[in-house]
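The values are calculated or read from the model by the stated rules, or taken from the named source; none is laboratory data. Small disclaimer: the values here were computed from a predicted structure and weren't measured. Cβ: placed from backbone, ideal geometry, glycine included. Neighbour counts: every protein chain shown.
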Amino acid sequence: MDTEMYLLEVEEAMQKACDYSLHEFSTIRTGKASPSLVEGIDIHVTSYGSSMKLKQLALITTPEARLIYVKPFDPGTIKDIERGLREANIGINPSVDGPSIRLPIPEMNKERRIEMCKRVKVMGEEGKVRIRSCRRDGMEAVKKAQKEGAITEDDQERMEKSIQELTDKFVKEIDVHVTKKEAEIMTV
């Protein structure tokens with residue numbers, strides 16, 4: 001077992017778990033418009049006889065702080081996109097404005113902001129669970145390699161310490177992003 005290569009694999013798995021959590025955070029509404037509010041949640045639109053993602057059918061921009069602008073590549077799909085946005089139930093009412101769709105972002109009240117913060121915390125905990133799962137898999141593989149004689153006990157100790165350090169690093173990174181996202185949400 002090449003110890004350095006294995007540690008890189010564990011780090012890569014933890015990085016992917018952390019990146020997934022950060023992507024999840026981007027789908028949370030903060031009170032200001034962001035294309036990720038409709039791109040990040042995989043809104044599917046039935047058009048041309050098949051189900052397609054919204055971002056494959058339209059350009060999504062935020063020309064103002066409280067408005068998402070969806071401009072279909074093909075104007076013939078505007079009704080399908082509007083229907084897809086309504087069915088996605090994202091809490092934003094789409095309105096057709098000529099060749100495009102406007103999604104005005106309503107002001108969030110204090111209760112809604114607190115609810116969103118709780119959701120971010122839950123997402124953060126789920127991310128930490130994914131990272132700890134990577135740690136568990138890594139630790140089990142190291143113990144197995146030591147039992148099989150592929151590595152020494154010293155190598156096992158060193159690798160377990162390195163895996164724990166990686167775990168701590170990524171858990172701390174998620175905590176930082178949770179705190180940052182909560183501050184974003186609570187900013188009026």
### Task
Scan (1) free of Cβ contacts under 8 Å to residues at least 60 places away in the same chain; (2) among the β-branched types (Val, Ile, Thr); (3) outside the structural domain of Lys53 (by TED's automatic domain parsing) for the single condition Ile131 breaks and write down its number.
(1)
### Task
For Glu140, indicate whether it is in contact with an Asp or Glu (Cβ under 9 Å, 6 or more places away or on another chain) and either surrounded by fewer than 16 Cβ atoms within 10 Å (Cβ to Cβ) or not in a helix (DSSP H, G or I) (or both).
no
### Summary
Only unsatisfied item for Ile90, checking (1) assigned to a helix (DSSP H, G or I); (2) within 19 Å of the chain's Cα centre (by Cα), is (1)
### Query
Which residues, taken from segment 94-128, are without any contact (Cβ under 8 Å) to a residue 60 or more places away in the chain and in a strand (DSSP E or B)?
Ser95, Val96, Asp97, Ser100, Ile101, Arg102, Pro104
### Message
I'd like the residue in segment 143-173 that is of a type in the set (Ser, Thr, Tyr) and not in a loop (DSSP other than H, G, I, E, B) and, out of all such residues, is surrounded by the most Cβ atoms within 10 Å (Cβ to Cβ).
### Response
Thr167
### Query
Looking only at segment 145-171, which residues are β-branched (Val, Ile, Thr) and either within 16 Å of Met5 (Cβ to Cβ) or over 29 Å from the mean Cα position of the chain (by Cα) (or both)?
Ile151, Thr152, Ile163
### Query
How many of the residues in segment 61-94 are exposed (fewer than 12 other Cβ atoms within 10 Å of the Cβ) and either small (Gly, Ala, Ser) or touching a Gly at 6+ places or on another chain (Cβ under 6 Å) (or both)?
3
